[in-house]
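Below is one structure, written out as structure tokens; the observations come after it.
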Amino acid sequence: MGSFILKYIILLSLGFIVANASSGYFIGVGSGINHSYIKEGNADVISDNNLGLSAKIGYIYDDNHRFSFAYKYNAKLTGEGSYDIKINGYDLGKAKSNYKFTSHNFLLGYDYTPQINSNLRALVGVFAGYSLGVLDVSNSLIKEVANAVPNILDGFSYGAKLGVIYEVDSNWDIELGGKIMQTIYNNKEINLDFSHNGTTYKIENEPLNLKQLDTGVYLGVNYKF
């Protein structure tokens with residue numbers, strides 16, 4: 001699903017650029033509030049609010065179509081979990097883990113912007129691209145767990161947005177809307193050796209499979225050349 005969206009955006013944007021080379025460019029900045037759900041397998045790891053900051057450069061084909069490349073920084077998310085650790089049938093005790101997560105998104109997007117009135121446009125968009133996540137873990141029972149969990153994760157993001165654009169004048173406009181984005185991070189293997197109460201345990205090839213769902217609202221300002 002995500003790769004199809006990305007291919008569609010690339011082909012559509014190339015077709016429009018070839019068809020109308022006289023169209024103009026724009027740049028923009030924005031910020032917003034997100035609520036993020038991060039899951040590992042079927043377990044919730046983080047459910048938290050954070051601030052997102054973005055910058056983009058875009059190409060306006062006509063009044064109804066535009067394309068963009070955006071960078072988005074998602075500020076730190078935090079979470080914690082408490083669970084029993086059992087290995088080979090032995091109960092090692094209850095552990096508490098604390099998580100911190102930040103992410104960076106590099107996104108290609110297409111927006112459909114039909115006019116509502118002289119200064120207001122609707123905004124319906126899709127986007128997809130590459131994401132990079134930084135995960136920090138601390139564990140109260142087994143200290144080696146934090147060192148074994150991969151710190152850097154990468155994956156694929158795709159999503160959609162819905163909003164309005166208010167045209168201040170011929171150069172400036174303001175956009176307001178909501179977004180939803182799904183990120184699927186590539187699996188990472190965990191290889192862990194640790195000692196507990198005089199016994200050494202070894203865990204090999206345990207996959208770490210993170211998925212992230214972001215929903216939120218944003219406000220942006222664009223300058224058209």
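I'm checking my understanding of the structure. Among residues of segment 2-38 that are at pLDDT below 85 and more than 15 Å from residue 108 (Cβ to Cβ), which one is surrounded by the fewest Cβ atoms within 10 Å (Cβ to Cβ)?
Among residues in segment 2-38 that are at pLDDT below 85 and more than 15 Å from residue 108 (Cβ to Cβ), the one surrounded by the fewest Cβ atoms within 10 Å (Cβ to Cβ) is 22.
For segment 108-130, which residues satisfy the criterion of being surrounded by 14 or more Cβ atoms within 10 Å (Cβ to Cβ), of a type outside the set (A, V, I, L, M) and more than 11 Å from residue 64 (Cα to Cα)?
109, 125, 127, 129, 130, listed by residue number.
Given (1) over 26 Å from the mean Cα position of the chain (by Cα); (2) modelled with pLDDT of 90 or more, where does residue 180 come up short, assuming only one miss?
(1)
Do we have residue 218 as modelled with pLDDT of 85 or more, within 17 Å of residue 113 (Cβ to Cβ), of a type in the set (Ser, Thr, Tyr) and in contact with a Gly (Cβ under 6 Å, 6 or more places away or on another chain) here?
In short, yes.
The values are calculated or read from the model by the stated rules, or taken from the named source; none is laboratory data. Bear in mind that the values here come from a model prediction, so they are computed numbers and not experimental data. When we count neighbours, we look across all protein chains shown, and the Cβ atoms used for this are built from the backbone with ideal geometry, even at glycine.
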